[in-house]
Amino acid sequence: MINGEKKIERPLRWGMIGGGRTGQVGYKHRTGALRDNTNYRLVAGAFDVDAARGRDFGTNIGVPADRCYADYKTLIAEEAKREDGVEVVSVATPNFTHFEITRACLEAGLHVICEKPLFFTVAECLEIEKLAESKGLIVGVTYGFSGHPLLHQMAAMVKKGMLGDIRIVDIQYTHGFNSGDDTNASEAQQWRTDPKRSGPTFVLGDIGTHIYYMSQVVLPHMQVARLLCDRQSFIKSRAPLEDNAYVLSHYDNGAVGRLWVSSVNAGNMGSQRFRFVGSKASVEWSDSHPDQLIYEVQGQPNQVMHHGMPYLEDESLAIDRMGGLHTEGLGDSWANIYLWIAQAIDSKRRGDEAFLSTHHYPGIKAGTDGVRWLENCVRSADAGSAWVDFQ
Ligand SMILES: NC(=O)c1ccc[n+]([C@@H]2O[C@H](COP(=O)([O-])OP(=O)(O)OC[C@H]3O[C@@H](n4cnc5c(N)ncnc54)[C@H](O)[C@@H]3O)[C@@H](O)[C@H]2O)c1
């Protein structure tokens, strides 16, 4: 169980780029990083594309005014002059800015925690992997719900063979927030449907990368070998970017998969759902009931497992924060992800490569894999929803 006691030498000096007053995801980053008083201190930021609003916001959340910068370049330059300057920054800005900001931060010797989809192309990801490696720096990626104890319970059950051989992967991340057209759309919605600012996809990158990564956490022994992607723009002005997509997968162990992502699933609020079907049993978990895991053994009554209960696997109990009886949710999951990235940065700083070699966290490879999956989806969709070998 995690209770906030220190797990790294000292808190990291942390800055944020983006995630300001109007940003959708900024608070989730702060919820994750600052949950434990032992991992990060928020000391600086370039929180907003509007410099005055960013400074006002930053001081309102307790960052000294002289460390609320007008833009990320000034943050990097000014913080480099200080002995107590930032060591790690989070990038919570629209997709088209991730690559240039991440590269500039790494070049300045800063660790980076970046939003997904990481970049537009695999080539960009590989360039950043190389740069981070040469500088001895960590890049973390915030796949938000991937730190939930019940996701890791499913992974442990699969590893133990409790499901038998995995045959079917059935996953979904859908909502209906974009069911109407984009007249009067928020700034966050406008950039998401503009290929220059969102990248080659909308919902596949925006929400599909989350569940693709989370399924890999549960099934690390399986890789997608081939896939077929069918994507639609129900609101025509969004074309070529999709607001709905289906991806069928064939895995290298013979399993098959079905993934549905949508922002036009009108009325839907229980957005993420995972079902893993094995030769003996199945598990199912959804964020509409995040405390409960359904375990179905063929021929036996179904079981509902609750997070934090002693009958769960050690891997799940070790990362539980609230304990059974009390709700464990998205904020707790973000706190785990931020903790794991802090541990990676701390071990990098101390040169502890042995720890890093077995330490699990969403890093640059997970970010790259997400972008690679997107490239394969687009290649398939553009070929008329043809099956393509995963490259
Ligand atoms: N991990 C998750 O669960 C999750 C959830 C939502 C969004 N996201 C991702 O987070 C990123 C941001 O999404 P959002 O929905 O918060 O977007 P948003 O448009 O709501 O907010 C973007 C924020 O970044 C600021 N900004 C924009 N350009 C900037 C720049 N050059 N320098 C400094 N600040 C700048 C804006 O002022 C705003 O505060 C996207 O990549 C998105 O895919 C991830």
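Values for this structure:
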item	result
Matching residues, segment 181-191, being under 20 Å from E115 (Cβ atoms), touching a residue at least 40 places away in the same chain (Cβ under 8 Å) and surrounded by 14 or more Cβ atoms within 10 Å (Cβ to Cβ)	W191
A51, sole failed condition from (1) without any contact (Cβ under 8 Å) to a residue 40 or more places away in the chain; (2) open to solvent by less than 40 Å² (accessible area, probe 1.4 Å); (3) within 11 Å of the ligand (Cβ to nearest atom); (4) under 25 Å from the mean Cα position of the chain (by Cα)	(4)
Selected residue (only one of V256, V261 is surrounded by 20 or more Cβ atoms within 10 Å (Cβ to Cβ) and of a type in the set (A, V, I, L, M, F, W, C))	V261
Residue selected from segment 29-41 under the condition within 15 Å of the ligand (Cβ to nearest atom) and buried (at least 19 other Cβ atoms within 10 Å of the Cβ), by the criterion nearest to W334 (Cα to Cα)	G32
Residue match in segment 243-263 (condition: touching a Lys or Arg at 6+ places or on another chain (Cβ under 9 Å), hydroxyl-bearing (S, T, Y), in contact (Cβ under 8 Å) with a residue 24 or more places away in the chain and farther than 14 Å from W373 by Cβ)	yes
Within segment 54-63, considering residues that are surrounded by fewer than 21 Cβ atoms within 10 Å (Cβ to Cβ) and not in a loop (DSSP other than H, G, I, E, B), the one farthest from the ligand (Cβ to nearest atom)	T59
Set M16, M1: member being open to solvent by less than 10 Å² (accessible area, probe 1.4 Å), at pLDDT 95 or above and under 24 Å from the mean Cα position of the chain (by Cα)	M16
The one condition in (1) among the basic types (K, R); (2) within 30 Å of E100 (Cα to Cα); (3) in contact with an Asp or Glu (Cβ under 7 Å, 6 or more places away or on another chain) that R197 fails to fulfil	(3)
Those residues of segment 76-109 which are among the aliphatic types (A, V, I, L, M) and either within 9 Å of the ligand (Cβ to nearest atom) or modelled with pLDDT under 95 (or both), in sequence order	V91, A92, I101
Residue list for segment 236-253, filter: surrounded by fewer than 18 Cβ atoms within 10 Å (Cβ to Cβ), outside any strand (DSSP E or B) and not hydroxyl-bearing (S, T, Y)	K236, A239, P240, D252, N253
Yes/no for G329 being open to solvent by less than 50 Å² (accessible area, probe 1.4 Å), outside the structural domain of G136 (by TED's automatic domain parsing) and touching a Gly at 6+ places or on another chain (Cβ under 7 Å)	no
I8 more than 10 Å from the ligand (Cβ to nearest atom), closer than 23 Å to L137 by Cα, of a type in the set (V, I, T) and not in a loop (DSSP other than H, G, I, E, B)	no
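The values are calculated or read from the model by the stated rules, or taken from the named source; none is laboratory data. In this text the structure is predicted, and so the values were computed from the model without any measurement. Here Cβ is always computed from backbone atoms with ideal geometry, including for glycine, and neighbour counts include all displayed protein chains. Each accessible area value is taken on the protein alone, full model and side chains, heavy atoms only, with ligands, DNA and RNA left out. Shrake-Rupley method; radii C 1.70, N 1.55, O 1.52, S 1.80 Å.
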